[in-house]
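Asks: I'd like to ask some things about the structure below.
Each value in this text was obtained by applying a stated rule to the coordinates, not by laboratory testing. These numbers were taken from a predicted model, which means no experiment stands behind them. Backbone-built Cβ (ideal geometry, glycine too); neighbour counts: all protein chains shown.
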Amino acid sequence: MRKRNGWLLATLMATSAAAAQQSPAIDLNQLGFEPADVKLAVVRGAGTKTLPWLLLDTDGKAVGKGETLVYGPDASSGAVVQRIDFSGFRRAGKGYRLSVAGVTSDPFAIAPSLYRPLVRDAANFFYQQRAGTPIDAKFAGSAWARPAGHAHEVAGCFSGVDERGTVWPGCAYKLDVTGGWYDAGDHGKYVVNGGIALWTLLNAYARRPKAFPDGSLRIPESGNGVSDLLDEARWEMEFLLRMQIPDGVRTQVPSGPLGAPKPGRPAWEASFPPFAEIDAGGMAHQKVADRNWTALPMPPQNDREERLLYPPTTGATLNLAATAAQCARLWREVDDAFAARCLTAARRAWAAAQRNPQVYATSSFTGSGGYGDNSLSDEFYWAAAELYATTGEAAFRKAVTGSPHFGEAVRAPGWSFTAPLGTITLATVKTGLSDAEVQKLRATLIAAADGMLEQRRQNGYAIPYKAQGYPWGSNGDLMNQAMLLGVASDLTGDSKYRGGIVSALDYLLGRNPMGTSYVSGHGVRSLNNPHHRFWAHVLDAKLPGPPPGVLSGGPNDTALADPVAMQLKGKCVAQTCWADDIHAYALNEVAINWNAPFFWVAAWMED
Ligand code: 9MR
């Protein structure tokens with residue numbers, strides 16, 4: 001159970017969510033549109049009869065007109081929805097507005113390179129989340145400067161009784177695990193989630209190595225002659241390497257197949273096998289984190305909780321193997337010594353996971369998130385794919401082609417489902433796979449993207465996302481879908497995918513039934529109060545709000561877990577189960593694995 005401080009301030013939010021659906025409103029991307037792109041706005045709550053609309057320029061003069069396209073009742077937003085399509089209008093300018101049903105929209109721009117500032121801000125999030133180093137006003141902006149958090153992090157292992165009464169042995173060593181990115185609004189540093197976030201930044205680099213040259217981002221490493229995107233990624237890579245257990249360590253962990261849940265325990269919670277002694281050398285600890293949840297606000301430098309390494313898991317070990325193999329490939333000829341260090345770590349991690357394939361995270365510790373994953377075939381496939389792409393060795397080829405994930409239908413990746421990352425790598429990096437094999441993998445990625453484009457028909461806001469069942473971090477999922485659209489576009493050169501990406505970004509930036517931009521600092525009404533221990537201005541006037549470029553996790557109608565979300569139960573549907581409230585950790589947290597695909601997609605738009 002996650003225990004966090006919180007006030008029940010949500011009733012107000014719930015009523016405003018309901019009210020949002022009554023009077024007519026125009027929802028659109030609050031930044032605007034690039035001249036040649038699809039331009040779609042949504043009219044909410046204006047009935048089901050076609051209406052005339054006007055496009056006004058900055059002087060209020062009508063420069064375009066048309067009729068709405070009626071969609072009708074929409075299960076994703078709970079609203080009656082119509083659309084305005086003004087894609088044909090391409091004249092660049094600022095201060096445009098749409099007018100329909102007696103309402104006028106927010107002003108927006110039509111401009112080339114619309115996403116350029118946003119890409120830089122989305123990347124800067126990772127600098128802002130750095131642990132173990134002071135955050136400098138020069139790179140972060142003066143409001144966000146702070147002393148180093150967890151400046152010298154030398155942690156021992158959790159020992160004793162966990163939340164479920166299991167007794168853990170601890171360990172005889174400590175590891176210096178200074179550095180890395182804080183995961184989210186908490187101060188945990190997790191290998192599982194760190195892996196996918198890091199992979200995503202590194203993949204953005206691999207796709208366009210010249211897009212973020214030295215000096216292009218606001219980070220201390222600017223000027224060192226290396227791509228700033230690689231530099232930012234290295235901050236996390238070095239941390240993941242530090243989480244690896246030295247050779248020769250033996251420890252006791254639950255190891256072996258999972259059983260059915262114990263009576264009285266939730267259905268998703270498998271019962272863990274008995275403790276067994278394992279050779280843990282080369283495995284990675286699941287996370288380093290606080291023993292207890294800290295209260296909000298809590299600038300990281302003030303955190304006095306005990307920091308602990310939590311038991312090694314096969315999942316964390318494979319996240320390390322995959323990203324370290326990717327590192328070995330991408331730093332070759334940039335920093336050969338670092339690339340070699342990464343490859344050694346990746347091989348050790350792979351070997352450790354082979355020896356210990358069923359050490360699952362028990363998610364039974366308070367003070368941090370679980371990132372428990374009871375199904376690791378996808379992580380094995382991902383790690384094998386990265387190792388194969390880097391080394392070309394037969395053993396990794398066999399692990400790849402023998403995996404059930406090789407050639408399977410693709411869906412969007414996430415922290416607990418990483419197979420698509422392996423497929424993207426195998427489909428885009430030259431390996432010893434045959435042309436037919438590569439074509440097959442490409443076809444699965446393209447088919448997935450086509451399915452996502454199709455999803456736009458199933459919801460009123462026309463986004464490449466399913467109609468209902470919005471999980472924790474749905475905005476991050478939407479961005480992972482958009483990333484697959486970007487991959488399909490790169491593979492085919494077909495411009496239809498861009499329309500899907502634009503509509504996903506339109507949704508994040510205001511074309512949604514909350515009428516809000518989920519990205520701080522971008523849009524007329526944007527994210528202000530994320531669940532974050534430092535960007536907690538609303539709780540302490542001396543602290544800043546979020547820096548620009550931070551993405552909210554977004555609507556969540558599947559786990560209304562926090563005190564704000566609980567108040568929304570029964571009062572929201574899918575896209576409206578959200579509130580811009582610092583206590584809404586299930587709706588409005590920020591996280592490295594959500595900002596990473598957001599960055600990837602924004603960078604794709606900027607090409
Ligand atoms: O993103 C995670 C989501 O998929 C899970 O349902 C949720 C509950 O376990 O946890 C989310 O991850 C959180 C992590 O456990 C701790 N740091 C903040 C993360 C974002 O809320």
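Asks: Could you give P(r) for the chain, binned at 20 Å from zero, as whole percent values over all Cα-Cα pairs?
Replies: All Cα pairs, binned at 20 Å, distribute as 20, 55, 23, 2 percent.
Asks: Scan the stretch 240-341 for trypsin sites (Lys or Arg not before Pro) in coil per DSSP, keeping those whose Cβ has at most 16 other Cβ atoms within 10 Å, and list them by number.
Replies: Passing sites in the stretch 240-341 are ARG291, ARG304, ARG332.
Asks: Measure nothing but the geometry: give the 0 to 90° angle between the long axis through the Cα atoms of 496-508 and the longest principal axis through the Cα atoms of the chain, rounded to 10°.
Replies: Taking the Cα atoms of the chain, the angle to 496-508 is about 90 degrees.
Asks: Still on this structure, I have one more. Provide ILE582, ILE135, ILE278 in ascending order of the number of other Cβ atoms located within 10 Å of each residue's Cβ, fewest first.
Replies: ILE278, ILE135, ILE582
Asks: Helix 592-606 versus the longest principal axis of the chain: what is the Cα-based angle in degrees, 0 to 90, to the nearest 10?
Replies: In the chain, helix 592-606 runs at an angle near 50 degrees to the longest axis.
Asks: Turning to a different aspect of this structure: Could you work out how far helix 228-242 tilts from the main Cα principal axis of the chain, as a 0 to 90 degree angle to the nearest 10?
Replies: 40
Asks: Using the 10 angstrom Cβ neighbour count as an exposure proxy, how do CYS577, CYS171, CYS327 rank, fewest first?
Replies: Taking fewest neighbouring Cβ atoms as first place, the list is CYS171, CYS577, CYS327.
Asks: For the stretch 21-110, what are Rg and Dmax over the alpha carbons, in angstrom?
Replies: 12.4, 37
Asks: Please sort by residue number the chymotrypsin sites (Phe, Trp or Tyr not before Pro) in the stretch 117-195 whose DSSP state is loop and whose Cβ has at most 14 other Cβ atoms within 10 Å.
Replies: Those that pass, being in a loop and sparsely packed, are TYR173.
Asks: List the trypsin sites (Lys or Arg not before Pro) in the stretch 427-510 that DSSP assigns to loop (not H, G, I, E or B) and whose Cβ has at most 10 other Cβ atoms within 10 Å. Which are they?
Replies: Here the sparse-neighbourhood loop sites are LYS430.
Asks: Also, I was wondering about something else. Excluding residues on the same chain fewer than 8 positions from LYS61, give the lysines whose Cα lies under 16 Å from its Cα.
Replies: LYS94
Asks: Taking 8 Å as the Cα distance limit and 6 or more residues as the minimum spacing, I'd like the relative contact order of the stretch 116-433 as a percentage.
Replies: Relative contact order of the stretch 116-433: 16 percent.
Asks: Can you sort CYS342, CYS157 from fewest to most other Cβ atoms within 10 Å of each residue's own Cβ?
Replies: Least crowded to most crowded, the residues run CYS157, CYS342.
Asks: Report the extension gain between ALA75 and ALA211 in nm, rounded to one decimal, defined as 0.36 nm multiplied by the number of residues separating them, less their alpha carbon distance.
Replies: That works out to 45.0 nm of additional length.
Asks: Rounded to the nearest 0.05, what FRET efficiency do LYS542 and ASP85 have when you use their Cβ-Cβ distance and R0 = 51 Å?
Replies: That pair, LYS542 with ASP85, gives E of 0.65.
Asks: Something else: Checking the table LYS287/LYS466; LYS466/LYS571; LYS210/LYS430; LYS210/LYS287; LYS138/LYS189 against a 28 Å threshold on Cα-Cα, which pairs fail?
Replies: Result: LYS287/LYS466; LYS210/LYS287 exceed 28 Å.
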